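The values are calculated or read from the model by the stated rules, or taken from the named source; none is laboratory data. Bear in mind that the values here come from a model prediction, so they are computed numbers and not experimental data. Ideal geometry is used to build each Cβ from the backbone, glycine not excepted, and the neighbour counts take in all protein chains shown. These area figures cover heavy atoms from the full protein model, side chains too; ligands, DNA and RNA do not enter into them. Shrake-Rupley method; radii C 1.70, N 1.55, O 1.52, S 1.80 Å.
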Amino acid sequence: MSLISIITPTFNNQETILETWSSIKTQKYENWEWIVVNDGSTDRTKTILEGLKCTKVRVLNLEQSIGVSSARNKGLEVMQGDYFCFLDGDDLLPKNSLSARLAVFQSNQEVEFVDGKVISFIDSIDNVIETYLPSFKGNSLQELLSLSGKVFKGNTWMIRRVEGKTYRFLEGLTHGEDLLFCASICNTGKYSFTSKPIL
């Protein structure tokens, strides 16, 4: 049974991190690990994370903030999964998020990146402001570089780990780091998506 690593960089997410955690632990697909990189939070985030009693959760507490790209790299360095994805500390995974994307991988061995429907809301999940669904399958590099909007809404891809491939964010960037990361790894392998909500 394939292991999926979920990597969460978090900074001062005391109001939302438990909801994020709840969306992970209720996943239909159960073989996952949650790597939370507490990026020097100054609120109660660290205390909340220390209260989680689950062997599938690994918390990396940083004394000072190093930024989202560096925090994600810390997670990438320690992940054990056959697949991995990112989840911010104020986002939620629908119950079938992991299973729906894994099913796409299992149906096509050439696929390295799987996306899906992204639902954006403010304050309450009932207050939807936008719904995004990808509209392209294949090699996604040109679509990414042209900013066509067909393959990229944000850091929402699940990625199949390929031996010998380097997965690393360019540190120091404050904008567009997730787009650059995806572009740096998608020159080989195919992109696909599920029509089911994944974030």
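Structure values in brief
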read-out: Student exercise, the stretch 61-116 dipole from Lys, Arg, Asp, Glu Cβ charges, in Debye to nearest 20; value: 120 debye
read-out: Calculated FRET efficiency for the pair E77/L52, C-beta based, R₀ 22 Å, to 0.05; value: 0.55
read-out: Cα-based shape type of the stretch 68-199, given that a ≥ b ≥ c are square roots of the gyration tensor eigenvalues and the cut on a/c is 1.5; value: rounded
read-out: Relative contact order (%) - criterion: Cα under 8 Å, at least six apart; region: the stretch 1-53; value: 53 percent
read-out: The stretch 102-157: mean projected area of Cα convex hull, nm²; value: 4.6 nm²
read-out: Distant-in-sequence amide H partners of S5 (H built 1.01 Å from N, under 5 Å); value: E33, G81, D82, Y83, F84, C85
read-out: Under the Karplus curve 6.51 cos²θ - 1.76 cosθ + 1.60, θ = phi - 60°, whole-Hz ³J(HN,Hα) for the stretch 68-80, x wherever Gly or Pro sits; value: 5, 5, 5, 5, 4, 4, 4, x, 4, 5, 10, 5, 10
read-out: Spatially close lysines, pair count over the chain: Cα under 18 Å, gap of eight or more or interchain; value: 28
read-out: Accessible area expressed per residue, the stretch 76-199, with surrounding protein chains retained (probe 1.4 Å, Å²); value: 51 Å²
read-out: Student exercise, the stretch 1-117 dipole from Lys, Arg, Asp, Glu Cβ charges, in Debye to nearest 20; value: 340 debye
read-out: Per-residue HN-Hα couplings for the stretch 166-173 [Karplus 6.51, -1.76, 1.60; θ = phi - 60°; Hz; x = Gly/Pro]; value: 9, 10, 7, 7, 6, 7, x, 6
read-out: Normalised contact order of the chain, rounded percent, pairs of Cα under 8 Å and 6 or more residues apart; value: 26 percent
read-out: Per-selection metrics, the stretch 1-148 (Cα): Rg and Dmax in Å; value: 16.0, 44
read-out: Accessible carbon and sulfur surface of the stretch 107-163 relative to its total accessible area, %, 1.4 Å; value: 49 percent
read-out: Inter-centroid distance (Cα atoms) of the stretch 124-199 relative to the stretch 8-48, Å; value: 21 Å
read-out: DSSP beta bridge pairing in the chain, given as percent antiparallel to the nearest 5; value: 30 percent
read-out: Extension gain, T188 back to N108 (0.36 nm per residue minus Cα-Cα distance, nm); value: 27.3 nm
read-out: For peptides 71-80, 160-169, sequence by mean Cβ density within 10 Å, most packed first; value: 71-80, 160-169
read-out: For the stretch 52-116, Kirkwood radius (reciprocal of mean inverse C-alpha pair distance, Å); value: 14.2 Å
read-out: Whole-number Å³ per residue for the convex hull built on Cα positions in the stretch 157-198; value: 91 Å³
read-out: The stretch 42-140 - percent relative contact order, Cα under 8 Å, separation 6 or more; value: 11 percent
read-out: Dipole moment magnitude, nearest 20 debye, the chain about Cα centre, only Lys, Arg, Asp, Glu C-beta charged; value: 640 debye
read-out: Long-range amide H partners of Q14 with built H, under 5 Å; value: R44, T45
read-out: Among 126-132, 19-25, the order from most to least packed when residues are scored by Cβ within 10 Å on average; value: 19-25, 126-132
read-out: Quarter of the Cα convex hull surface for the stretch 4-72, i.e. its orientation-mean projected area (nm²); value: 4.4 nm²
